[in-house]
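Encoded as structure tokens, the structure appears first; notes follow it.
Where a number appears in this text, it was derived from the coordinates with a stated rule and is not lab data. Everything quoted here is computed from the prediction, not taken from an experiment. Using ideal geometry, Cβ is built from the backbone for each residue, glycine included, and neighbour counts are taken over all protein chains shown.
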Amino acid sequence: MLLLTNAKILTFDENMTIIEDGAIFIENGTIKDIGNTEELEMKYPDAIFKNVKNNIVMPGLINTHTHLYSTFARGMGLKDKPPSNFVEILKKLWWRLDNTLNEKDIYYSALFAICECIRNGVTTIFDHHASYNYIDGSLDIIEDAVKRCGIRANLSYEISDRHGKEKSQAAIKENERFIRKVQRIKNSHLKGLIGLHASFTLEDETLKTVSELSQELNVPIHVHVAEGIQDYQDSVKRGYNGVIDRLNRFNILNPGSLLVHGVHIQKEEIDVVKRSGSYLIHNPESNMNNAVGAAPIKSFIENNIVTGLGTDAYTHDMFESIKTANLLYKHESKDPRVGWNEVYDMAFINNKKIASRFFDKKLGSIEKGLPADLIVIDYSSPTPIEKENVFAHILFGMNGSMVQTVLVDGKILMDNREVTFLDYEQLRRRTQIQARDFWQRF
């Protein structure tokens, strides 16, 4: 039993309830009571008291699209001319990287990246993995890292025909094997989706096979959609109106499918996405970094497409992604009045909805009976924090480095900026050794 005391609680419930001098009683990983500190201290005298010293307590953040395997790319030289477009970025960096990863690379990339998620207040992730040098069992390696760290993770393997049919078939089997396993064990921290790279690296036969597997397993698909203009152009060359048109013809768009990026989705395809019940995942920093353009988020929202927010592993700090999404929305709309409600909904309503669907329990809110996935933020505001201005404080005041304490299912994963489940400095040194070895093989 744990009692968090002396907190300013931002519940992110339907009414955005704020509790001053609040306390949260946690038992067996669940929020059992919420109220005034003095009252709950008297009510639960046998609990372990943890004084959060007037800091903010809010739900753990959710990242609906990331790539843990990208860790070793940070600071790595490409050894040839810099890529000049999106496809060159894929060929010169990401496809070479994922075709070089070995077992240890996968593990330390994932372990370090998950620690970075936790250190930035992220408690739930949707990871999209690729390691074409090591396919079979690769998701189990990431699972080991997830279990060691204690977060919630939905994992998938990126199926692509770019390395030939034999490897694409192996990737399909890796998704199927892992998903059947997690369906069998029913771990509330671990789920799976079927991963696809993108339409332009997938042949018809593969799409047909994946569609049939998705229906058989009753599991949606996690896929990059129209990220670069080349994906759209490829679909047109194949005789389709666009990427969405092609994927829809093969029944890839299903309720709950994660359609990532959507930069070059055509106007006439938006209604198809809406009717499919798929989710759209926005990754603003990655899109800007790769110079692929800005997704038509305004059109998605106006058409009631549930649009979530990810990072594409550009960062593990969701606060950073939230700020960038807000700026980009304003910039593209040329209107400073927009972005407030839209980006708030992406990060705190839609990400919550998406995660709650796949983890079979309501996440992203502080309410009685819900999992105790919580973060404590050392944020000293010069102005009052009220329900009407919480998002303004997030945009202009908070960042991931302010997160002091992280709990998942009531278990403390980080306290006073120190992760509790391993020696972080030792991990950093070991990861650097692995990274240098990887760079030599890249």
Return the distance in nm (one decimal) between the two label points of a simple spin-label model at residue 17 and residue 421, each offset 7 Å from Cα along Cα→Cβ.
3.0
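Using the count of nearby Cβ atoms within 10 Å as a rough guide to exposure, how do 105, 80, 161 rank from fewest to most?
Values: 105 25, 80 8, 161 19.
Ordered from fewest to most neighbouring Cβ atoms within 10 Å, 105, 80, 161 come out as 80, 161, 105.
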Okay, helix-only estimate at 222 nm for the chain: each DSSP H run of n ≥ 4 adds -39500 (n - 2.57), divide by all residues, round to 500 deg cm²/dmol; what do you get?
-11000 deg cm²/dmol
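For segment 1-78, state which trypsin sites (Lys or Arg not before Pro) are in a DSSP loop and have at most 15 other beta carbons lying within 10 Å of their beta carbon.
Loop-located and lightly packed - 53, 74.
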Obtain the nm distance between the two label points defined at residue 165 and residue 361 by a simple spin-label model: each point lies 7 Å from its Cα along the Cα-to-C-beta direction.
4.5
Dimensions in Å of the chain - Rg and Dmax from alpha carbons:
21.5, 70
Can you tell me which aspartates and glutamates have their Cα less than 16 Å from the Cα of residue 165? Leave out same-chain residues fewer than eight positions away.
136, 174, 203, 204, 205
Sites removed, the longest contiguous part of the chain containing no DSSP-loop GluC sites (Glu not before Pro) with at most 16 other Cβ within 10 Å is 15-202
Contour minus end-to-end for residue 271 and residue 209, with contour as 0.36 nm per residue of separation and end-to-end as the Cα-Cα distance?
19.8 nm
Inter-part gap, Cα centre of segment 322-399 to Cα centre of segment 276-310, in whole angstrom, is 16
Among the trypsin sites (Lys or Arg not before Pro) within segment 290-334, which fall in a DSSP loop and have no more than 12 other Cβ atoms within 10 Å of their own Cβ?
334
Residues listed by number, segment 144-172, amide nitrogen under 17 Å from residue 187 label point at 7 Å toward C-beta:
144-157
Using Cα pairs under 8 angstrom and six or more residues apart, how large is the relative contact order of the chain, in percent?
19
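Quick check: residue separation of residue 147 and residue 84 times 0.36 nm, minus the Cα distance between them. What number comes out in nm? Could you put the intermediate results ahead of the total?
On the way: separation 63, 0.36 × 63 = 22.68 nm, distance 3.90 nm.
Value of the extension gain: 18.8 nm.
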